[in-house]
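A.B. asks: A single structure is presented below for examination.
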Amino acid sequence: MERCRLVFSGSGGQGVITAAIILAEAAVLHEGLNAVQSQSYGAEARGGATRSDVIIADTPIYYPKVLQPNVLVCLTQEAYNKFSGIIRPGGLLLTDSRYVKTQRKVDALQRELPMYRSVLETIGKPIVFNICMLGALLSLTDLVRPESILKVLESRVPADFLEMNRKALELGMRLGESARV
Amino acid sequence: MGKTVRFVQGNEACVEGALYAGLNFYAGYPITPSTEIAELLSLKLPQRGGKFIQMEDEIASLCAIIGASLTGCKVMTATSGPGFSLMQEALGYAVMAEIPCVIVDVQRGGPSTGIPTHVSQGDVNQARWGTHGDHAIITLTASNHQDVFAITVEAFNLSETYRTPVILLFDEVVAHMREKLVLPEPGELHTVERLKTAVKEGVDYHPYLPREDGRLPMSDFGGVHRYNVTGLVHDMWGFPSTEPRVVHGLLRHLVDKIENRAHELARFKEFHLDDADIVLIAYGSSARSALHLVEERRRRGERLGLLELQTLWPFPADVVRTRCSRARAVVVVEMNMGQLLPSVKLAVERPDRVFLANRIDGVFITPADIHNILRIIQGKGV
């Protein structure tokens, strides 16, 4: 596979770091791929734009950070303002249409999806916003199989919350499917 | 059955390695970026019948594990630069009293409380000379989680074999990033158990009387033998002595048992050194950026190689000299102002061809940073 570098960004509490860990763990444990995940710590991770980097590849990964993401996810305006410039030409920019107003064209496939609104309308719990985002990403990129994400969710999420996460993933996948080119 | 594969932070790889090696006593005071080590062990050690104690500070932490080690436990503590500073007195005591123990320092930016959440490799010389007096020390590091696991096991093995504190010098990048760890099966990696004295109860035990191979068998403190342990210069009974012959003998023993074995203690990895014009020397997370650059530039015909050091102290001078003998330039990559650089210069035949590629601003050095410096060294400009 082509090496994929992803940056998930948003604000603290939206679950972008958790989503990054789930994706990378799914790639390693259930797809037999290599992945590394890292995140920014400290003052910049509390309030302001938070960020987590993931690299997925079938070859060894040495330098673990992402300088130019193929896939950039921005879940807040601040994150978009801060990171939209680093996307690799030809990459994918995924934003949430409630939180982010895209201002300029980047040399990338831009997808603005109503992920937050859909989660609130159909599930009613914003806590699974990040899983919905992962679902949309899976439909747009085929990075890992949805079953692999579900296996990770089963091992991480308390049983009572699993169904809600499954729904959020499927919801995201449908949103992503509708936005495929 | 397939092996257990995990997706973990470097700190967790260290914890798993320590448990594999037989860790059963941990005392520490949490500090970023080492906190996950304490957090995970506070859960896992009691589940296995081990002991976890959160101490009032790092001085007490190291003192507690020294005491526990004397009673027969395999022990560890973990900290970062500020805590490691506090540990220096007790570290010297462990060197002098020859107490096996493992001290993890997950480096962050210093001096003082410095820059807690950012990467640095500024404690390399503190690990070597932080405690006072002539002494030798073993300091190990690693750049990926599989190696973090293995080198942690190795740290316990060497501390037991040579009755010495061993310092594991990790850094924020490796400690916090997540990647794959394949857990070795029991017995897959060699583990060294405590060498206990064969001296029976009721017979005098000389705690500091070496066997013919130089090793010092131990007797669990508080068990069947009464003996003295002190930070003062001591004789074979462990009692203080100012006898010049004893003083000289002890200091030579403490230094020689490690420095004379620098070659066999050298743990390192080689990448594309056979025909390398330029040899990079790196360790810890810097080695990840260096290897990234080496693999990338090899594909474009540049003859770069990497010597990744896992043993920092005793400095593996022979390894460095032989691996660099044919290089036009040697570039030491570290995230400090060149703490390992002088040792490399001393080891090689042409010290004028040794250069530093570094970053000291809390930002993880990138392959491009190293490449830019290489171009300048080669006179190619930016």
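A.B. asks: What full-extension length gain, to one decimal in nm, is calculated for B:ALA368 and B:ASP275 as 0.36 nm per residue of separation minus the Cα-Cα distance?
C.D. replies: That works out to 31.3 nm of additional length.
A.B. asks: Under the classification rounded if a/c is under 1.5, otherwise prolate if a/b is larger than b/c and oblate if not, where does the range A:2-142 fall, given a ≥ b ≥ c as square roots of the Cα gyration tensor eigenvalues?
C.D. replies: Judged from the Cα gyration tensor, the range A:2-142 comes out rounded (a/c under 1.5).
A.B. asks: Return the long-range amide H neighbours of B:ALA276 (sequence gap of 5 or more, or a different chain), with a cut-off of under 5 Å between placed amide H atoms.
C.D. replies: none
A.B. asks: Quick check on the exposure proxy: order B:CYS101, B:CYS63, B:CYS324 from fewest to most C-beta atoms within 10 angstrom.
C.D. replies: B:CYS63, B:CYS324, B:CYS101
A.B. asks: Hey, another quick one. Using the Karplus curve 6.51 cos²θ - 1.76 cosθ + 1.60 with θ = phi - 60°, what ³J(HN,Hα) values do you get for each residue of the range B:147-157, in whole Hz, with x for Gly and Pro?
C.D. replies: Using θ = phi - 60°, the values come out as 6, 4, 4, 5, 6, 5, 4, 4, 4, 5, 4 Hz.
A.B. asks: By counting other Cβ atoms within 10 Å of each Cβ, how are B:VAL319, B:VAL106, B:VAL199 ranked from fewest to most?
C.D. replies: Result, fewest neighbours first: B:VAL199, B:VAL319, B:VAL106.
A.B. asks: Using modelled backbone amide H atoms (1.01 Å from N, in-plane), which distant-in-sequence or interchain residues come within less than 5 Å of B:VAL104's amide H?
C.D. replies: Under 5 Å from the amide H of B:VAL104: B:THR77, B:ALA78, B:THR79, B:LEU168.
A.B. asks: Now for a separate question. Mind jotting down the distance between the C-alpha centroids of the range B:15-66 and the range A:144-181, whole Å?
C.D. replies: 37
A.B. asks: Over all distinct Cα pairs, what is the inverse of the mean 1/r for the range B:268-377, reported as the Kirkwood hydrodynamic radius in Å?
C.D. replies: One decimal place: 13.5 Å for the Kirkwood radius.
A.B. asks: Taking other Cβ within 10 Å of each residue's Cβ, how do B:VAL279, B:VAL192 sort, fewest first?
C.D. replies: B:VAL192, B:VAL279
A.B. asks: A further question on this structure: Say the cut-off is 20 Å between C-alpha atoms; which of B:LYS44/B:LYS196; B:LYS51/B:LYS180; A:LYS151/B:LYS180; A:LYS125/A:LYS167; A:LYS65/B:LYS180; B:LYS51/B:LYS257 go over it?
C.D. replies: B:LYS44/B:LYS196; B:LYS51/B:LYS180; B:LYS51/B:LYS257, as the Cα separations exceed 20 Å there.
A.B. asks: Volume per residue, Å³, of the convex hull around the alpha-carbon atoms of chain B?
C.D. replies: 150
A.B. asks: Treat every Asp and Glu Cβ in the protein assembly as shown as -1 and every Lys and Arg Cβ as +1, leave all other atoms uncharged, and give the resulting dipole magnitude about the Cα centre to the nearest 20 debye.
C.D. replies: 1420
A.B. asks: Which whole number gives the average count of other chain Cβ atoms within 10 Å of the Cβ atoms across peptide A:51-60?
C.D. replies: Partner-chain Cβ atoms within 10 Å, mean over residues of A:51-60: 1.
A.B. asks: May I pose another question? Under the rule of at least 5 residues apart or a separate chain, name every residue whose amide H is placed under 5 Å from the amide H of B:THR139.
C.D. replies: Under 5 Å from the amide H of B:THR139: B:ILE167, B:LEU312, B:TRP313.
A.B. asks: Further question on the same structure: Please express the shape of the protein assembly as shown as an equivalent ellipsoid: the semi-axes are the square roots of 5 times the eigenvalues of the C-alpha gyration tensor, given largest first in whole angstrom.
C.D. replies: Largest first, the protein assembly as shown gives 46, 29, 19 Å.
A.B. asks: Also: Once phi is turned into θ = phi - 60°, what whole-Hz ³J(HN,Hα) does the Karplus curve with 6.51, -1.76 and 1.60 give for every residue of the range B:231-237, x standing for Gly and Pro?
C.D. replies: Ordered by residue, 3J(HN,Hα) equals x, 6, 4, 9, 8, 5, 8 Hz.
A.B. asks: Kindly provide the GluC sites (Glu not before Pro) of the range B:16-83 that DSSP labels as loop, not H, G, I, E or B, and whose Cβ sees at most 15 other Cβ atoms within 10 Å.
C.D. replies: The qualifying sites are B:GLU56.
A short reminder: the numbers here are calculations on the coordinates, not readings from a lab. The structure presented is a predicted model; accordingly, all values stated were derived computationally and were not measured. Note that each Cβ is placed from the backbone with ideal geometry, even for glycine, and that neighbours are counted across all protein chains shown.
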